[in-house]
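**Q** Attaching a single structure in C-alpha cells format; questions to follow.
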Amino acid sequence: MKVSVIGAGNVGASCAQIIANHQIASKVVIVDIVPGFAQGKAMDLMQCAATSGFDTIISGTTNDYAPTKDSDVVVITSGIPRKPGMTREELIGTNASIVKSVIENALEYSPNAIFIVVTNPLDTMALAALKISGLDKRKVIGMGGALDSSRFTYFLAQAMDKPMKDIHAMVIGGHGDTTMIPLIRFATYKGIPVSEFLTKEQQDQVVQQTMVGGATLTKLLGTSAWYAPGASVAYMVDSILNDRKKLVPCSVFLQGEYDQNDLYIGVPCILGKNGLEEIVELKLNQEEKQKFEQSAQMVSQTNKELGNFLS
C-alpha cells in the first residue's frame, strides 16, 4: 500500500514518520516544491528505520508527481501555515491555488486515490478539492474533526486527571475557532458521562480550551502545530488502508445529512477501504442543532470566497 504526502513541512513530515513507525503503508512518497527539501526529509526519516524497526520505504521528490503513481491515499498538507493573529479564512486565496495544482497533478498518476485534505481553511479547501477533482465525495475527506477531537480528549484528561486512552470525546462542526462544536454531552470516561466527574464550570472551560486549542498552539509556537495534526492524518490513513471501519469525526460533503446540503463540515464518519463508508447522524438536542446550524452558516460564508476561484 502506498501513501503520497504532498508538502514536506512539519505536518507532512510528522504524518510520514508516524505512518512509517506504525508500518501503516509499505511506501510513502513525500513531494515538495523546494528543491531537495522532500528528499532530505525522506532520507532523515529513513535513517530512523534501523533504530525504530520499520520497513516502510520513504522517498522524496521535488515537484515531480511521477513517483506518486498508483497511490492509494494522497494527503494534501501543502499550503502556507497560519501565523499568530491570522485566521484560517485569510489563507483561502493562496491555498486554493496550491490545492488546485496538487489535485490536478496527483490525479494524473493516481486516479483512484482517496484524498485527505489538511490545508486550511480546511472545510473550504476540502470543498475546493471535491469541485476541482470531480471525484465521488467518499474519496475527498477533510482531517479537521479528528484533530479537534484529539485536543478535546486531551483537555478533558487534564481536567479529570484521567488517562486519555480511557476518554472518548468528539468535536463536530467547522474546523475553526468559532465554528467547532465540542460535544461535551457525548463525552465519556470508561463509558461514564464526564458530567459525573466535572462541574458545569469545568466542562465549559474544557469546551473553551478546545475551541481555541489551535490558536493557543500557534501563539506558543509561532506557527501551526504539527505533531497532533500529523498523528490525526496517520490515524485516518490507517483506518482507510486497513479497512478498520473506525469512527472518526472528519469533514465530509453533506447532502441532506444533519439538514445541510452542498458543504463540507465535521461530523462522525466511518472510514474504510472506500474512504467515507458512512456518515453517522447523532441525535442532537436543540442547543446542539442550533450551534451546528450556525457553524454551517459560517462555513458557507467562507465558501463564498471560493466563488471566483472555481468559476
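The values are calculated or read from the model by the stated rules, or taken from the named source; none is laboratory data. Since the structure is predicted, the reported quantities are computational estimates derived from the model, not experimental observations. Using ideal geometry, Cβ is built from the backbone for each residue, glycine included, and neighbour counts are taken over all protein chains shown. Heavy atoms of the whole protein, side chains included, go into the accessibility calculation; ligands, DNA and RNA do not. Shrake-Rupley method; radii C 1.70, N 1.55, O 1.52, S 1.80 Å.
**Q** Pick from GLY79, GLY93: which is surrounded by 24 or more Cβ atoms within 10 Å (Cβ to Cβ), farther than 23 Å from LEU282 by Cα and modelled with pLDDT under 95?
**A** The match here is GLY79.
**Q** Same structure again: Just give me the residues in the range 29-39 being in contact (Cβ under 8 Å) with a residue 24 or more places away in the chain and either farther than 15 Å from THR77 by Cβ or not in a helix (DSSP H, G or I) (or both), in sequence order.
**A** VAL29, ILE30, VAL31, ASP32, ILE33, VAL34, PRO35, GLY36
**Q** Also, I was wondering about something else. Of the conditions (1) within 17 Å of the chain's Cα centre (by Cα); (2) more than 23 Å from LEU276 (Cα to Cα), LEU247 satisfies every one except a single condition; which number is it?
**A** The single condition LEU247 does not satisfy is (2).
**Q** Could you identify the single residue in GLN209, GLN260 that is surrounded by 19 or more Cβ atoms within 10 Å (Cβ to Cβ), of a type in the set (S, T, N, Q) and either modelled with pLDDT of 95 or more or closer than 18 Å to PHE155 by Cα (or both)?
**A** Just a single option satisfies the conditions, and that option is GLN260.
**Q** Something else now. What number of residues within the range 263-282 satisfy the criterion of being out of contact with any strand residue (DSSP E or B) (no Cβ under 7 Å at 6 or more places or on another chain) and among the acidic types (Asp, Glu)?
**A** Number satisfying all stated conditions: 1.
**Q** Might you check whether a residue that is aromatic (Phe, Trp, Tyr), touching a residue at least 24 places away in the same chain (Cβ under 8 Å) and closer than 24 Å to VAL73 by Cβ occurs anywhere in the range 229-238?
**A** Yes - at least one qualifying residue is present in the range 229-238.
**Q** Next question, about the same structure. Pairs please, first residue from the range 14-28 and crowded, with 19+ Cβ neighbours inside 10 Å, second anywhere and assigned to a helix (DSSP H, G or I) and of a type in the set (Phe, Trp, Tyr), Cβ atoms under 8 Å, 6+ apart in sequence or on different chains.
**A** SER14/TYR227
**Q** Sticking with this one: Can you name every residue in the range 129-148 that is open to solvent by 10 Å² or more (accessible area, probe 1.4 Å) and within 19 Å of VAL212 (Cα to Cα)?
**A** Hit for the range 129-148 is ALA146, nothing else.
**Q** Cβ-Cβ distance below 8 Å, separation of 6 or more or different chains: which pairs start in the range 115-128 with a residue that is under 12 Å from GLY145 (Cβ atoms) and end on one that is open to solvent by 10 Å² or more (accessible area, probe 1.4 Å) and among the aromatic types (Phe, Trp, Tyr)?
**A** Listed by first residue and then by second, the contacts come to ALA126/PHE253.
**Q** Would a scan of the range 206-229 turn up a residue that is touching a strand residue (DSSP E or B) at 6+ places or on another chain (Cβ under 7 Å) and either in a strand (DSSP E or B) or among the polar types (S, T, N, Q) (or both)?
**A** The answer is yes; a qualifying residue exists.
**Q** Could you please give the count of residues in the range 225-248 that are closer than 17 Å to ASN120 by Cα and open to solvent by less than 30 Å² (accessible area, probe 1.4 Å)?
**A** Total meeting the criteria: 5.
**Q** Inspect the range 180-191 for any residue being open to solvent by 20 Å² or more (accessible area, probe 1.4 Å) and within 19 Å of ILE279 (Cα to Cα) and give the result as yes or no. Steps first, answer last, please.
**A** Residues of the range 180-191 that are open to solvent by 20 Å² or more (accessible area, probe 1.4 Å), as a first pass: 184-186, 188-191.
Retained after the next criterion (residues that are within 19 Å of ILE279 (Cα to Cα)): 186.
Within the range 180-191, one or more residues are open to solvent by 20 Å² or more (accessible area, probe 1.4 Å) and within 19 Å of ILE279 (Cα to Cα).
**Q** Whether any residue in the range 276-295 is farther than 20 Å from VAL171 by Cα and either touching a Phe, Trp or Tyr at 6+ places or on another chain (Cβ under 6 Å) or open to solvent by 20 Å² or more (accessible area, probe 1.4 Å) (or both) is what I want to check.
**A** no
**Q** Looking at the structure I just gave you, is ILE181 of a type outside the set (Ser, Thr, Tyr), closer than 17 Å to ASP204 by Cβ, touching a Ser or Thr at 6+ places or on another chain (Cβ under 9 Å) and not in a helix (DSSP H, G or I)?
**A** yes
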